[in-house]
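A short write-up of the structure that comes next.
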Amino acid sequence: MIDVQNVSMRFNLGIEKNNSLKQIAIDFFNKNARQSRKEQKKQNEFWALRDVNFTVKKGEVVGFVGSNGAGKSTLLKVVAGVMKPTKGQILVGGNICPMIELGAGFDLELNARENIYLNGAVMGYSKDFLDSKFQEIVDFSELHDFLEVPVRNFSSGMVARLAFSVATIVEPEILIVDEILSVGDLNFQQKSENKMRSLISGGTTVLYVSHSIKSIETLCDRVVWLEHGQVVMTGETKEVCAAYYKSQVG
């Protein structure tokens with residue numbers, strides 16, 4: 001269902017960009033200056049992912065572990081189509097629901113009611129569909145008393161409630177989840193996990209990033225361990241989690 005083939009992702013960390021006509025002329029006539037700029041550009045390159053390969057079968061729940069900066073979130077964004085890889089390709093068979101940056105599609109000046117329709121439209125839902133699901137969204141979010149409040153006045157937990165409630169009103173073929181089960185209060189975290197379990201039991205394929213090893217062990221069939229943008233290990237959940245945990249504490 002998902003086939004990641006030799007995927008690499010490069011970012012340029014350079015802050016200064018001098019593309020003036022004067023600089024272009026200097027580079028054209030001065031070989032040393034041109035070479036120096038090429039070397040500087042190369043030094044500013046950062047490879048967030050390097051030759052990443054893995055496959056995910058339909059209905060599988062695959063977890064991703066690794067230290068901060070290992071490339072987990074970047075990988076999910078590339079799979080979701082939010083970013084295009086520098087090298088390699090990704091083959092995806094099915095519609096994707098990415099829950100990577102909850103609330104990214106909200107307008108902070110609009111209230112919760114308006115943002116339900118705005119965020120739903122961004123995700124491709126029609127107004128008629130959102131009308132039919134509106135009460136279900138509100139009930140799950142438990143934000144009945146805050147529908148007319150501008151989202152700028154919401155706490156991060158309230159934003160997460162609203163965004164998660166909109167994102168999960170349909171059962172996607174592929175669900176991409178990045179740390180969202182760690183936001184909000186404990187009751188909402190449990191409610192979100194139960195909702196995700198319901199999606200999993202319905203056959204949804206899931207890619208799941210979390211720093212909670214317990215959560216990974218509970219939910220995932222297999223695990224991919226990333227460090228410095230490269231795959232360290234792929235395999236059965238307990239085996240990979242044990243190796244990763246040992247590397248962190250040992």
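The values are calculated or read from the model by the stated rules, or taken from the named source; none is laboratory data. This one's a predicted model, so the numbers in the text were calculated from it and none came from an experiment. Ideal geometry is used to build each Cβ from the backbone, glycine not excepted, and the neighbour counts take in all protein chains shown.
Brief remarks on what is shown
- Between Phe164, Phe146, the distinction of being touching a residue at least 60 places away in the same chain (Cβ under 8 Å), hydrophobic (A, V, I, L, M, F, W, C) and not assigned by TED's automatic domain parsing to the domain that holds Leu199 belongs to Phe164 only.
- Scanning the stretch 102-118 for residues that are out of contact with any Leu (no Cβ under 8 Å at 6 or more places or on another chain) and within 19 Å of Val170 (Cβ to Cβ) returns Leu102, Ala104.
- Arg152 being crowded, with 20+ Cβ neighbours inside 10 Å and either farther than 20 Å from Thr218 by Cα or assigned by TED's automatic domain parsing to the domain that holds Asn68 (or both): no
- Top-ranked residue of the stretch 73-120 - restricted to ones that are of a type in the set (S, T, N, Q) and assigned to a strand (DSSP E or B), ranked as nearest to the chain's Cα centre (by Cα): Gln89
- Looking only at residues in the stretch 43-102 that are among the basic types (Lys, Arg) and over 19 Å from Ser210 (Cβ atoms), the one that is surrounded by the most Cβ atoms within 10 Å (Cβ to Cβ) is Arg50.
- So Glu136, is it outside any loop (DSSP other than H, G, I, E, B), more than 28 Å from Thr74 (Cβ to Cβ) and of a type in the set (Asp, Glu): yes
- Index of the failed condition, Lys191 passing every other in (1) of a type in the set (D, E, K, R); (2) part of a loop (DSSP other than H, G, I, E, B); (3) surrounded by 14 or more Cβ atoms within 10 Å (Cβ to Cβ): (2)
- For the stretch 198-250, a residue qualifies if it is within 16 Å of Lys57 (Cβ to Cβ), surrounded by 15 or more Cβ atoms within 10 Å (Cβ to Cβ) and charged (D, E, K, R), and the qualifying residues are Asp221, Arg222.
- Yes/no for Asn115 being out of contact with any Phe, Trp or Tyr (no Cβ under 6 Å at 6 or more places or on another chain) and among the polar types (S, T, N, Q): no
- Flag if Phe46 is in the same structural domain as Ile213 (by TED's automatic domain parsing), of a type in the set (Phe, Trp, Tyr), in a strand (DSSP E or B) and at pLDDT 95 or above: no
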